[in-house]
């Protein structure tokens, strides 16, 4: 299709949510265009082994899993553009999605641009991502059985990560720049009551040390004494928050104060008819590949049903089984 044709569906974002939406939409003959971004694949591209996604009993590398997702949708006709969206216009339909000087038109759009974990900004942190540096305890804690790990952060997320890690690690050290914590009192009390958790305050991480591609220690800087020291550690979990990748949409789509897009309860529909949102752009609670993929499927279902209704006929490949089941129930 040329960029002047009006497509049924454009999916913005290439991660678990975007690729799953593409798979469902392609199988429904919506011929989706997936503008996956230059850094496609989402946070799984900096994840090494994934052991908690169904269908991979032996585990899988994060980048490989995203390649599998992508190829499966492509098999059914999904079209990809590996570039970043620079502007959107949802003021009228067809919606306009710009990539540089090129403009694409669509009757429906799914926003699945994900979220980004905040990083410390250290070169050594980037070098050891997926090799001991992690941003998700639920994803990676099992790799640190009987190990010593460091958690950086002072909010509820950091406390939750630390408490979860104690189910696997021998010792968890929380490093925080201040003595006061942003975490809620109840979460702070739970963490303080855990005998496996140790605390270092008035300190920041200066460097992540590693040998043979694995984390061996964390160098911290005491901001009160200006001294530095090394903490032996097998892993570093950075828990200083996430930012949804939604800046492009905030002037047009409803969102909460943190920038996560708002959708109707029980749906992926945003405040603009024909625009749907899926994955970590709406989810600041679970942030898992499997939940993102689930909402990606939901968004494709929602988009296909809307387009079918507007054309005056029932939904096809996606919704037909459910519609038939509802019809049979009604007849009974």
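Over the chain, what is the percentage of antiparallel beta bridges among all DSSP beta bridges, to the nearest 5?
45 percent
How far is helix 320-331 tilted off the main Cα axis of the chain, in degrees rounded to 10, range 0 to 90?
Here the helix axis deviates by roughly 70 degrees.
Using all C-alpha to C-alpha distances in the chain, build P(r) with 10 Å bins and read off the rounded percent in each one.
Going out from 0 Å in 10 Å bins, the chain shows 6, 24, 28, 21, 14, 6, 1, 0 percent.
Fewest Cβ neighbours within 10 Å first, please rank 195, 116 accordingly.
Result, fewest neighbours first: 195, 116.
If each residue's Cβ is checked for other Cβ atoms within 10 Å, how do 171, 98 rank with the fewest at the top?
Least to most surrounded, the residues fall as 98, 171.
Rounded, prolate or oblate: which fits the stretch 119-238 when a ≥ b ≥ c are the square roots of the eigenvalues of the alpha-carbon gyration tensor, with rounded for a/c under 1.5 and prolate only if a/b beats b/c?
oblate
Which distance in nm do the two modelled labels at residue 226 and residue 285 give, with both placed 7 Å along the Cα-to-Cβ direction?
Here the modelled spin labels are 4.8 nm apart.
By how many degrees, 0 to 90 and rounded to 10, does the Cα axis of helix 16-27 deviate from the longest principal axis of the chain?
20 degrees
Arranged by the count of other C-beta atoms within 10 angstrom, fewest first, what order do 143, 237 take?
143, 237
Calculated from DSSP H runs of 4 or more alone, at -39500 (n - 2.57) each and per residue, what is the 222 nm mean residue ellipticity of the chain, nearest 500?
Value at 222 nm, helices only: -8000 deg cm²/dmol.
What angle, in degrees between 0 and 90 and rounded to the nearest 10, separates the Cα long axis of helix 289-310 from the longest principal axis of the Cα atoms of the chain?
20 degrees
Read-outs throughout are calculated quantities, based only on the coordinates presented, and are distinct from any laboratory measurement. Please read these numbers as outputs of a predicted model, since none were measured by experiment. All Cβ positions, even for glycine, are placed from backbone atoms using ideal geometry, and neighbour counts span all protein chains on display.
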